[in-house]
Structure formats: structure tokens, C-alpha cells
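Engineer: My structure is below; once you've seen it, I'll send some questions.
The values are calculated or read from the model by the stated rules, or taken from the named source; none is laboratory data. Quick caveat, the model's predicted, so the values are computed rather than measured. Backbone-built Cβ (ideal geometry, glycine too); neighbour counts: all protein chains shown.
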Amino acid sequence: MKFFGFTLEEKHKKLIVFLPIFFFLAWKFASLTFRFGDSNAYFYMADRLFKSTLPYRDYFLADPPVMIIILGILKSIVGKNVLLLQAIPFLFEAASAWLIYVILRKERISLAFLAPTIYLFSFSILATSDFVTGVQLVNFFALGAFYFYQKDAFKTSGFFWGLAFLVKLYGIFLLLGFLLFLLYQKKFKVIFSLSLGVIFSLLVFLFPFLLLAPREVFDYLILHHLNRPGSGNRLAVFLFFIQKEWLLILLAIGGLIKSKKWLLGMPLVALLIFLFFFQDLYYTYFGAFLPFALILAIIFLDHIYRHPKLNWLFPLLGLVYLVFLVIGSDTYQRNHLPFGQFSNAPEIATYLSMQEKKPLYGSHEVAPLIALLAGDDLLNNYIDTNPQTFGSKAHSKEEISREAVENGAYLIARIARRPEYGPGDVGTEGYFEKELFQKNCHVLKEFPSPSKEWDNLIVIYTCS
């Protein structure tokens, strides 16, 4: 085929597929470091999985169990090399890029070889693949589900759809959109086969936990999400996503209109409806929008490329998209990659490992990772101390704070100690009762925070 004046053979296309994946992985591995975020709680949960400490029964988990199971298996492989777990997001995204290419090839799209470059170097994938949030696994399993659907392996497709929403609950909306269109097409036998696969995934991965702790599974997976406080920034999150991915969105809409592939479009519609109404919206959720949107966008670009009256537009669109990707990559490199790093976590863990052994408690972004690296235990398995867990009443902040004081726990926290915040340390209010903190917790050791965010210290307190 002719591409920008060059004749591309199959070997050239394969090179264009694999080189972006290689450079993406090289970039990510070169900047691999511990980071603040939910990842650190997940790592600790994964470590405890094969030590008879199970989600729901023994500790709070707001998500279905598949991500912890996968992390647990991988943690048993990497052993003490915990940092390697931080590579999981971008490794799965690289695998998803390959799947998108394979799916487009199956659809006979001549520009399929462009998919890995556009996907991996989009701002949203670059920015979200530094953190273990689960969206990367949702993407991989949802794409796997579509891949097996293409191969008429409907039960296997259903099994992968089940895995997608057993990682993160919002994955179920992708499945609902998929099933609704099949229902519209009256493909009842296909729906039945898909449903069998979904049910099998539920029986394997969720049902055992439901037997062990039925009340906790219901409370944590249902009631917690219904009662968790909203973030109040939904419009800002939507606008940020549109600002960063407007070109992909427009091309995806064009692809949907032209191809009428609603089997790809309906999952996106269902997901967007959920995101529009969900109270506690985060930018990472939009990562689940990108794989199917990109497939539709490539289909539209392919239509323009092939059309004798429109193909003059393709070089212009290609140039615009190249500039778009370069700007997004540069924005990521300058404004996102350097932030949120927790590079001195091993230093803090080494210090704590030489102190008197006591249970640890604190920020879910800090304490679980330090406990894991230091070989210590968290206080009564209080792993996820996100303020939302207290807002939904899944945890009692006052009761846990009293437990920390009564057990003489080390409190580990991200702290802002700045004049603009007034006197005292700011940062523990979301998970430690203020009066008990001021009265019973005293600084043991301070470390600088490398996050370049709101905090400037990582502080270890003794509480008694």
C-alpha cells in the first residue's frame, strides 16, 4: 500500500506496530518508580492474599476481587521486587495496543498498523498508565472479550467480559451496552452463550468470597458506592478529558456514523451515561473509553484514506494527529510524569524496620507500601483509609483512631506543613480523628516528600 508517498510492505507495517510498543515500554521502564496512590494499598492486599488474609472477610475492598487476585499471583512471582508491580499498568496497556491492532486486522482495516502509536502515545494512556488503578485491566479484558466475539467464541467472550467488570464495577456498563445492541439485533443465542461465560467468571472469582463474607461483599461493593460522597468536580473532569482527547472523540464519532458498528459504539454510550451520573468521578475512569473509541477512529481514518474524493484529507489529518500526539506526550512529560513520585519509600521503610516493632496505620497512599517494604503489619488490616471509606460509613474514623492510640501504632502520613495552611500538620484529617491526633500523636521522624504536589513531608508519628 501507498502511505505518505512510500510503498509499505507487510514487514514495514509490522515494524510500525512493534516500534511504538518498544519505545513506549522503554520510556515507562526508564521512569519506573514508586508513586503515591491506591496502588500501594493494592500491593499490600496482594501480598496478603496467599497468607490467609482475604478481601471482604478480613479487610475492606471497594472493588471486585479480580485485580487483587492477579496482583497476588504476580506478587508471588516477583517476590521482594515490589517495584516491578508498578509496571503492570503500562504492560497491560501495551498488550491492549496489540489487541486493538489484531481486532482491526480482523475487520480488514488497512490502517490497523497505526493503532499502537495512536493508543500508547495518547495523553490519557500515558498519564493513567503510571498508576495501578485497574482501568488497564478493564481495557485488556474488554478488548479480549471483543476479540473472542470476533472469533465466534461467545462463551470465552462472556468470560472475559466478566473479568472486565470483576476488576472494576464500571466495566459492567461496557458489557451492558454490548448486550443491549445484541438484544436489538435479536441475537438471543449469542446472548445466552455470552451470559454463560459471564456467570462462569462470577462463580470462579466472586462466589467464593460471597460464601465467606456475604454481608461484607454486599456492603463494600454496593452500599459503599451508593453512600460514598461525591467529589463535586464532574464537569471539570469531563472538560479535561474533552480538552485532551477531542480529536479522538471526533474521529470516533465519524467512525461510528460511517461504519454503523454500534457493537463498538453502544459500550461507549453506556459508559458515558454512567460517568455522567456518577457522583465521584475521576479522570482515570475515562481510560476505559479509549480502546473502543480508537477502533472507531481508525475505521474512520481508513475510510478517508480509501475514499477517492476524500483521501486528500488524510495527509492533513495525519499531520494534525501527529502534532496532537506530540503535544500530549510533551504535556505528560513536563506536567504529569514528575508528579506523584514516592521515590524515597525504600529509605523510609529501612528506617522503620530498625525501630521497635509496632503496628502501622496511616494514609492508604503511604502506610501499606511502607509496611510491605519494611516487613511490618498494618493495624488490624486497615489498608484502604481513603476518606471515602469513612464518608460512606464503611469505616469509623473515631473507632480506628482510638485503636491506633490504644495499640501504640506508628502513624505514617503525607503532610503539608506550610504557612498558608496555618499552624500544625495538615493531611491526617481524612482518616484520623483530629483531637486524638493532636493529643496523642508525636513526630518520630520526618522525610521530604518527592511528590511535587500539595504535601511537602512524609512523617512518622508515634501514637499512644
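Engineer: Is there a residue being in the same structural domain as Arg306 (by TED's automatic domain parsing), of a type outside the set (Ser, Thr, Tyr) and over 30 Å from Leu15 (Cβ atoms) anywhere in segment 137-152?
Structural biologist: Going through segment 137-152, the residues in the same structural domain as Arg306 (by TED's automatic domain parsing) turn out to be 137-152.
This time we only want the ones that are of a type outside the set (Ser, Thr, Tyr), so: 137-146, 148, 150-152.
Next, only the ones that are over 30 Å from Leu15 (Cβ atoms) stay: 152.
The answer is yes, given that some residue of segment 137-152 is in the same structural domain as Arg306 (by TED's automatic domain parsing), of a type outside the set (Ser, Thr, Tyr) and over 30 Å from Leu15 (Cβ atoms).
Engineer: Let me confirm something: among Gly177, Gly171, Gly158, which residue is surrounded by 16 or more Cβ atoms within 10 Å (Cβ to Cβ), within 15 Å of Pro65 (Cβ to Cβ), among the small types (Gly, Ala, Ser) and assigned by TED's automatic domain parsing to the domain that holds Ala293? Step through it out loud before you land on a result.
Structural biologist: Values: Gly177 fails: within 15 Å of Pro65 (Cβ to Cβ); Gly158 fails: within 15 Å of Pro65 (Cβ to Cβ).
From the options Gly177, Gly171, Gly158, the qualifying one is Gly171.
Engineer: Can you pull out every residue in segment 375-403 that is over 16 Å from Lys51 (Cβ atoms) and of a type in the set (A, V, I, L, M, F, W, C)? First the steps, then the outcome.
Structural biologist: Let us first name the residues in segment 375-403 that are over 16 Å from Lys51 (Cβ atoms), namely 379, 382, 384-403.
Answer for segment 375-403, where residues must be over 16 Å from Lys51 (Cβ atoms) and of a type in the set (A, V, I, L, M, F, W, C): Leu379, Phe390, Ala394, Ile400.
Engineer: Listed residues Leu174, Leu183; which is under 29 Å from Thr284 (Cα atoms), of a type in the set (A, V, I, L, M) and part of a helix (DSSP H, G or I)? Steps first, please.
Structural biologist: Details: Leu183 fails: under 29 Å from Thr284 (Cα atoms).
Residue meeting the stated conditions: Leu174.
Engineer: Which numbered condition in (1) on the phi < 0 side of the Ramachandran plot; (2) surrounded by 13 or more Cβ atoms within 10 Å (Cβ to Cβ); (3) in contact (Cβ under 8 Å) with a residue 60 or more places away in the chain is the only one that Pro448 fails?
Structural biologist: (2)
Engineer: Let me ask something else about it. Quick one: is Gly72 closer than 27 Å to Pro368 by Cα and part of a helix (DSSP H, G or I)? Can you show your working first?
Structural biologist: Working: closer than 27 Å to Pro368 by Cα: yes; part of a helix (DSSP H, G or I): yes.
It is true that Gly72 is closer than 27 Å to Pro368 by Cα and part of a helix (DSSP H, G or I).
Engineer: Would you call Glu347 free of Cβ contacts under 8 Å to residues at least 60 places away in the same chain and either surrounded by fewer than 17 Cβ atoms within 10 Å (Cβ to Cβ) or of a type in the set (Val, Ile, Thr) (or both)? Steps first, answer last, please.
Structural biologist: On the way: free of Cβ contacts under 8 Å to residues at least 60 places away in the same chain: no; either surrounded by fewer than 17 Cβ atoms within 10 Å (Cβ to Cβ) or of a type in the set (Val, Ile, Thr) (or both): yes.
Criteria not met by Glu347.
Engineer: Keeping to segment 249-279, report how many residues are surrounded by fewer than 16 Cβ atoms within 10 Å (Cβ to Cβ) and either in a loop (DSSP other than H, G, I, E, B) or among the basic types (Lys, Arg) (or both).
Structural biologist: Number satisfying all stated conditions: 3.
Engineer: Looking only at segment 358-376, how many residues end up being in a loop (DSSP other than H, G, I, E, B) and in contact with a strand residue (DSSP E or B) (Cβ under 7 Å, 6 or more places away or on another chain)? Give the steps one after another, and end with the answer.
Structural biologist: Quick first cut of segment 358-376, residues in a loop (DSSP other than H, G, I, E, B) only: 358-359, 363-366, 375-376.
Add one more test, that the residue is in contact with a strand residue (DSSP E or B) (Cβ under 7 Å, 6 or more places away or on another chain), and what stays is 358-359, 363, 365-366, 376.
Matching residues across segment 358-376 total 6.
Engineer: Would you confirm whether any residue within segment 106-124 is of a type in the set (A, V, I, L, M), at pLDDT 95 or above, within 19 Å of Leu271 (Cβ to Cβ) and touching a Phe, Trp or Tyr at 6+ places or on another chain (Cβ under 7 Å)?
Structural biologist: No; the residues of segment 106-124 include none that is of a type in the set (A, V, I, L, M), at pLDDT 95 or above, within 19 Å of Leu271 (Cβ to Cβ) and touching a Phe, Trp or Tyr at 6+ places or on another chain (Cβ under 7 Å).
Engineer: Could you tell me which of the residues Ile21, Ile68, Ile16, Ile73 is under 23 Å from the mean Cα position of the chain (by Cα) and surrounded by fewer than 19 Cβ atoms within 10 Å (Cβ to Cβ)?
Structural biologist: Numbers: Ile21 fails: surrounded by fewer than 19 Cβ atoms within 10 Å (Cβ to Cβ); Ile68 fails: surrounded by fewer than 19 Cβ atoms within 10 Å (Cβ to Cβ); Ile16 fails: under 23 Å from the mean Cα position of the chain (by Cα).
Testing whether each residue is under 23 Å from the mean Cα position of the chain (by Cα) and surrounded by fewer than 19 Cβ atoms within 10 Å (Cβ to Cβ) leaves just Ile73.
Engineer: Given the residues Ile458, Ile415, which is the only one that is modelled with pLDDT of 95 or more and touching a Leu at 6+ places or on another chain (Cβ under 9 Å)?
Structural biologist: Ile415
Engineer: Going through Leu32, Leu85 one at a time, which residue ends up being under 24 Å from Ala349 (Cα atoms), surrounded by fewer than 20 Cβ atoms within 10 Å (Cβ to Cβ), in contact (Cβ under 8 Å) with a residue 40 or more places away in the chain and hydrophobic (A, V, I, L, M, F, W, C)?
Structural biologist: Working: Leu85 fails: surrounded by fewer than 20 Cβ atoms within 10 Å (Cβ to Cβ).
Exactly one of Leu32, Leu85 is under 24 Å from Ala349 (Cα atoms), surrounded by fewer than 20 Cβ atoms within 10 Å (Cβ to Cβ), in contact (Cβ under 8 Å) with a residue 40 or more places away in the chain and hydrophobic (A, V, I, L, M, F, W, C), namely Leu32.
Engineer: I'd like to know if segment 225-241 contains one or more residues that are over 30 Å from Ala394 (Cα atoms) and free of Cβ contacts under 8 Å to residues at least 24 places away in the same chain. Before the answer, list the steps.
Structural biologist: Our first condition is that a residue be over 30 Å from Ala394 (Cα atoms); within segment 225-241, this holds for 239-241.
Checking which are free of Cβ contacts under 8 Å to residues at least 24 places away in the same chain leaves us with 239.
Yes: one or more hits.
Engineer: Let me ask you something else. Restricting attention to segment 113-122, does a residue exist that is touching a His at 6+ places or on another chain (Cβ under 8 Å) and under 28 Å from Leu325 (Cα atoms)? Give the derivation first.
Structural biologist: The first filter runs over segment 113-122 and keeps only residues touching a His at 6+ places or on another chain (Cβ under 8 Å), leaving none.
Scanning segment 113-122, I find no residue that is touching a His at 6+ places or on another chain (Cβ under 8 Å) and under 28 Å from Leu325 (Cα atoms), so the answer is no.
Engineer: In segment 421-445, what residues are of a type in the set (Ser, Thr, Tyr) and crowded, with 21+ Cβ neighbours inside 10 Å?
Structural biologist: Answer for segment 421-445, where residues must be of a type in the set (Ser, Thr, Tyr) and crowded, with 21+ Cβ neighbours inside 10 Å: Thr428, Tyr431.
Engineer: Take the residues in segment 88-103 that are surrounded by fewer than 22 Cβ atoms within 10 Å (Cβ to Cβ) and of a type in the set (Phe, Trp, Tyr); name whichever of them is nearest to the chain's Cα centre (by Cα).
Structural biologist: That would be Phe92.
Engineer: Ok, one more. Among the residues in segment 147-163, are any among the aliphatic types (A, V, I, L, M) and in contact with a His (Cβ under 8 Å, 6 or more places away or on another chain)? Even if it seems obvious, please write down each step before you answer.
Structural biologist: Step one: list which residues in segment 147-163 are among the aliphatic types (A, V, I, L, M), which gives 153, 163.
Now drop any that are not in contact with a His (Cβ under 8 Å, 6 or more places away or on another chain), which leaves none.
No, every residue in segment 147-163 fails to be among the aliphatic types (A, V, I, L, M) and in contact with a His (Cβ under 8 Å, 6 or more places away or on another chain).
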